[in-house]
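What follows is a short report on a single structure.
The values are calculated or read from the model by the stated rules, or taken from the named source; none is laboratory data. Only a predicted model underlies this, so the values are computations on that prediction, with no experimental measurement involved. As a convention, Cβ positions derive from the backbone with ideal geometry for all residues, glycine included, and neighbour counts pool all protein chains shown. Heads up: the accessible areas ignore ligands, DNA and RNA and are worked out on the full protein's heavy atoms, side chains in. Shrake-Rupley method; radii C 1.70, N 1.55, O 1.52, S 1.80 Å.
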Amino acid sequence: MIEKYKNEEILEQLTQAEKILVGIGEEFDAENALGQNREYAEGCNILKAAGFGWAIPLWNNYCFERLGDAALWSAIRKLSVILRGKDVFLVSTSINDTIAGSGIRAVMPCGSLQKKQCVEGCEEVLLNMTEEDIDKIWQGFEVLFEEGEKSLLKSGELLCLGNCPKCGRPLVLNTVYAENYNEHGYLDHWNEYTKWLQGTLNKKLLVLELGVGMRFPSVIRWPFEKVVFFNQKAFLCRVNEKLYHLTEELAEKGCGISVNAIDWLNQL
């Protein structure tokens with residue numbers, strides 16, 4: 001059932017739901033809006049070639065703040081407003097600091113910009129990112145953006161998060177961009193999420209899947225379909241510019257909306 005439901009009817013579903021499960025995916029990644037920008041793309045290539053690929057999520061945020069329009073930030077704010085006061089859990093595969101700071105209870109299995117880890121993946125080493133860390137890296141990004149490859153030595157010196165207290169190797173951002181991603185950074189929130197999910201059975205549940213593609217389908221897309229299939233009171237609203245289709249089993253338990261999720265939220 002594609003685009004059968006009007007926005008007003010989705011908002012009514014939001015009003016009536018006892019619990020709301022939200023999935024945020026690739027359409028919320030800053031790089032979607034930045035991919036055609038020369039300085040951004042060049043910076044990504046330089047960082048990867050120099051062994052700083054782990055810093056790309058921060059580079060995405062830096063460039064988006066410098067170059068991007070306000071649509072993404074506006075969409076997150078709109079989502080926060082419409083979910084205010086509701087029993088909500090949000091799962092995001094997008095590494096976006098705005099989501100982490102939205103005030104919505106959330107788990108981010110791909111990591112966030114809040115923690116750093118050992119480059120070797122030492123399990124017990126997970127530290128909070130500090131303002132000093134961010135400020136220093138932002139200085140490196142300023143040089144990288146302005147000077148490109150000529151800046152590599154100077155910016156490389158600034159892209160340093162310290163050393164692992166256990167093995168002495170460098171610290172890197174705790175996201176899937178790390179070669180040895182330490183998943184312990186999100187597991188506490190994941191356990192909280194699974195416990196919350198158990199309490200949705202036989203509840204009037206709205207599952208709102210926004211901009212989720214096939215990058216990590218086992219995190220949001222497939223599990224969300226399973227939740228809706230087994231909960232007779234669940235309704236799935238899947239919003240995606242291209243991958244908006246529902247399975248045959250769920251055709252009468254949801255709707256697919258073929259619009260970019262950021263645009264859709266801003267139009268609500």
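If contacts are Cα pairs under 8 angstrom and at least 6 residues apart, what is the relative contact order of the chain in percent?
The value is 26 percent.
For an R0 of 51 angstrom, estimate the FRET efficiency from the Cβ-Cβ distance between Gln36 and Lys203 and round to the nearest 0.05.
Working: r = 43 Å, r/R0 = 0.85.
Step by step, r from the Cβ atoms, then E = 0.70.
Return a whole-number percent for the relative contact order of region 112-223, with Cα pairs under 8 Å and 6 or more residues apart as the contact set. Write out the running numbers ahead of the final one.
Numbers: 110 pairs, mean separation 30.9, N = 112.
Relative contact order comes out at 28 percent.
Any chance you could check the Cα centroid distance between region 19-37 and region 79-114 for me, in angstrom?
So the two Cα centres are separated by 12 Å.
Write down the accessible area per residue of region 81-172 in Å², having rolled a 1.4 Å probe over the full set of protein chains. List each step's numbers first, then the result.
On the way: 4530 Å² over 92 residues.
Accessible surface, normalised per residue, equals 49 Å².
Just flag the trypsin sites (Lys or Arg not before Pro) in region 218-251 sitting in loop per DSSP whose Cβ has no more than 16 other Cβ atoms within 10 Å.
Sparse-neighbourhood loop trypsin sites (Lys or Arg not before Pro): Lys233, Lys242.
How high is the relative contact order of region 29-84, in percent, counting Cα pairs under 8 Å that sit 6 or more residues apart?
Working: 22 pairs, mean separation 21.4, N = 56.
Here the relative contact order equals 38 percent.
May I ask you to rank Thr247, Thr93 by accessible area, largest first, using a 1.4 Å probe over the protein chains only?
Numbers: Thr247 45, Thr93 5 Å².
From most accessible down to least: Thr247, Thr93.
At a 1.4 Å probe, what is the % contribution of carbon and sulfur to the accessible area of region 19-163?
Working: 2960 of 6340 Å².
C and S atoms contribute 47 percent here.
Once the Cβ-Cβ distance between Trp138 and Asp69 is put in as r, and R0 is 25 Å, what FRET efficiency do you end up with, to the nearest 0.05? Walk me through the intermediate numbers first.
Working: r = 20 Å, r/R0 = 0.82.
The pair Trp138/Asp69 has a calculated efficiency of 0.75.
Net charge within 15 Å of Met214 by Cβ-Cβ distance, Lys/Arg positive one each and Asp/Glu negative one each, not counting Met214 itself? Each step should come with its number before you reach the end.
Numbers: positive: Arg215, Arg221, Arg238, Lys242; negative: Glu26, Glu27, Asp29, Glu209, Glu225, Glu241.
With Lys, Arg at +1 and Asp, Glu at -1, the neighbours total -2.
For a Förster distance of 25 Å, can you work out the FRET efficiency between the beta-carbons of Leu127 and Trp222, rounded to the nearest 0.05?
Values: r = 33 Å, r/R0 = 1.31.
Between Leu127 and Trp222 the formula returns 0.15.
Using the Kyte-Doolittle scale, find the helices of the chain whose mean hydropathy is at least -1.0 and whose Cα atoms extend 30 Å or more along the helix's long axis, counting only whole DSSP H runs. All intermediate terms of the calculation are to be shown ahead of the outcome.
Working: long enough: none.
Length and hydropathy pass: none found.
Using the basic label-point model (7 angstrom from Cα toward the beta carbon), what is the Lys48 to Gln267 distance in nanometres?
According to this spin-label approximation, the distance is 3.3 nm.
Under the rule of -39500 (n - 2.57) per DSSP H run of 4 or more residues, summed and divided by the residues of the chain, what mean residue ellipticity at 222 nm is obtained, to the nearest 500 deg cm²/dmol? Kindly include the intermediate steps, with their values, before the conclusion.
Numbers: 11 runs with 112 residues, N = 268.
When only DSSP H runs of four or more count, the value is -12500 deg cm²/dmol.
Can I get the semi-axes of region 54-189's equivalent ellipsoid? Compute them from the C-alpha gyration tensor as square roots of 5 times the eigenvalues, in angstrom, largest first. Provide the component values of the computation, followed by the final result.
On the way: eigenvalues 145, 92, 20 Å².
So the three semi-axes of region 54-189 are 27, 21, 10 Å.
Which of the pairs Lys86/Lys253; Lys78/Lys253; Lys203/Lys226 have their Cα atoms more than 19 Å apart in this structure?
Listed pairs above 19 Å: Lys86/Lys253; Lys78/Lys253.
If the chain between Phe229 and Trp196 were fully stretched, how many nm would it gain, using 0.36 nm times the residue separation less the Cα-Cα distance?
On the way: separation 33, 0.36 × 33 = 11.88 nm, distance 1.76 nm.
Working it through step by step, the gained length comes to 10.1 nm.
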